[in-house]
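This report concerns only the one structure given below.
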Amino acid sequence: MPLKIAIVVHGRFHAFDLGRELIKQGVDLVLLTNYPKRVVQQFGIPQRNVVNCISHGVLSRLINGTAGRRGRAMFEPFLHRWFSTWAAHVLSSVDVDMIHAFSGVSEELLHAFDGHRPLLSVVRGSAHIRTQAQLLEEEEIRCGQPIDRPSAWMVAREEREYKLADLVIVLSSFARRTFVERGTPPEAIRVLPLGSEIRRFGATKDDVERRCARILAGEPLRVLTVGSFSFQKGAFDLLEIARRLKGRMNFRFVGDLPVETRKLRSEAKGHIEFVPRQAQFSLPSIYSQEDVFILPTIQDGYAVVLAQAQAAGLAILATTNCSAPDIVRENENGWILPIRNPAAFVSRLEWCDANRDELARMVRTAHENYRPRDWSRVATDLIEIAEEWFAAHRVPPSTAILTQT
């Protein structure tokens, strides 16, 4: 019989891609989410594997879209406790070997299973929440305006979750370091890097040749950023980079445009082309049109867009505070740069502009020699994390683990 895993996620994040691949590897999966089943099914997860709380999803989107910062803060405890309590109720009648729950919606769930002990893991998609809060408080002072950042209530809640869990699963060596610095025992931390759909995002030979032809022809470099145009993701620095290189390179941003950067976006007119958030299935064609990918993020647990850019064969410039140190090979497929240092990004982009033969070589090398990590590897690694934990604690799962590599 296969391993039984429950994924608990208040939204999508990377859970749908992971869940699909776990099913392919024989895992008996139940996915608890607030998304409609038909949407989850588009990611390759059968509706029979999904239990959803649609009312939570509807209310969450309504509040996030209309309530403003104060309103979101007011409803935050209610929404997170509600989802976690609902998940605990659902799983009370489901036999599972492992619960893989996202931070913020885990506390009540973890308490509910304190007696009956499946493997309880909490996955944190960013740095340790206290480190994240500190970095964003500093960024708020630097930018001179309010920034969405973790509330004191959420910081305290997540820290309790970390202590209640058997394992804290993070997505990069950067995130792991922040947990160790904040006192989480290293033996309780596992790093599970994310992946990309190589079949969907992988560059074709024609894509690479067209990109190299543009680069070598001397056309203005096409510089892409995908994600959220927020201060947390480096929007303040991205605008400064685009300002300094105006007329020499073309900057395009694709993704969410939060209210907090409305003023910044007005200042960015003429410097950055903004494209609203696109469906994941539309992103490969966007990546294929660009030459360089930059991510001046202040903090990011992983930044799955880096894996997508890597699969698409783009040279990558990203900060230390994400997964770049884990996936970028310096001077081979990109560069790792300090946070809050737009000058470093400008200098490296100017080098790309002045050394186009080398940039074209890097693009070809990234395509020919490096194989990005795909989601099947992520699923395999999670299964291995479970196997190792059961073996180390001499607590076999209720069924035999089926592992397919």
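The values are calculated or read from the model by the stated rules, or taken from the named source; none is laboratory data. These numbers come from a predicted model, not from an experiment. Neighbour counts are summed over all protein chains in view; Cβ atoms, including those assigned to glycine, are modelled from backbone coordinates with ideal geometry. For accessibility, only protein heavy atoms count, side chains too; no ligands or nucleic acids. Shrake-Rupley method; radii C 1.70, N 1.55, O 1.52, S 1.80 Å.
Some points to look at:
- Cα centre as origin, Lys/Arg/Asp/Glu Cβ charges: segment 2-47 dipole, Debye: 140 debye
- Computed FRET value (nearest 0.05) for residue 330 with residue 152, which takes r as the C-beta separation and R₀ as 56 Å: 0.90
- Computed over the alpha-carbon pairs of segment 185-245, the distance histogram in 5 Å steps reads 3, 11, 12, 14, 14, 19, 14, 5, 4, 2, 1 percent, short to long.
- Sorted from longest to shortest, the spans of the Cα atoms of segment 191-305 along the three principal axes equal 40, 40, 24 Å.
- Taking 0.36 nm per residue of sequence separation and removing the Cα-Cα distance, the residue 141/residue 355 pair yields an extension gain of 73.3 nm.
- Cα-based equivalent ellipsoid of segment 156-201: semi-axis lengths in Å, sorted from largest, via gyration tensor: 25, 12, 9
- Once you divide the Cα radius of gyration of segment 48-132 by 2.2 N^0.38 Å, the number left is 1.20.
- Label point 7 Å beyond Cα of residue 94 along Cβ direction - residues of segment 30-50 with amide nitrogen under 13 Å: 30-35, 46-50
- Our estimate of slack between residue 200 and residue 58, defined as 0.36 nm per intervening residue step minus the Cα-Cα distance, is 48.1 nm.
- Full-stretch length increase - residue 340, residue 243 - with 0.36 nm per residue and alpha-carbon distance subtracted: 33.4 nm
- Estimated FRET transfer efficiency (residue 274, residue 81; beta-carbon r; R0 35 Å; 0.05): 0.45
- Label-to-label distance, nm, for residues given as residue 217 and residue 182 (7 Å Cα→Cβ offset): 4.8 nm
- Pairs of alpha carbons in segment 1-106 whose separation is greater than 21 Å (percent): 34 percent
- For residue 111, solvent-accessible area (1.4 Å; no DNA, RNA or ligand), Å²: 100 Å²
- In the frame of its principal axes, segment 1-42 has Cα extents of 29, 18, 16 Å, reported largest first.
- Computed per residue of the chain from DSSP H runs no shorter than four, each worth -39500 (n - 2.57), the mean residue ellipticity at 222 nm is -14000 deg cm²/dmol.
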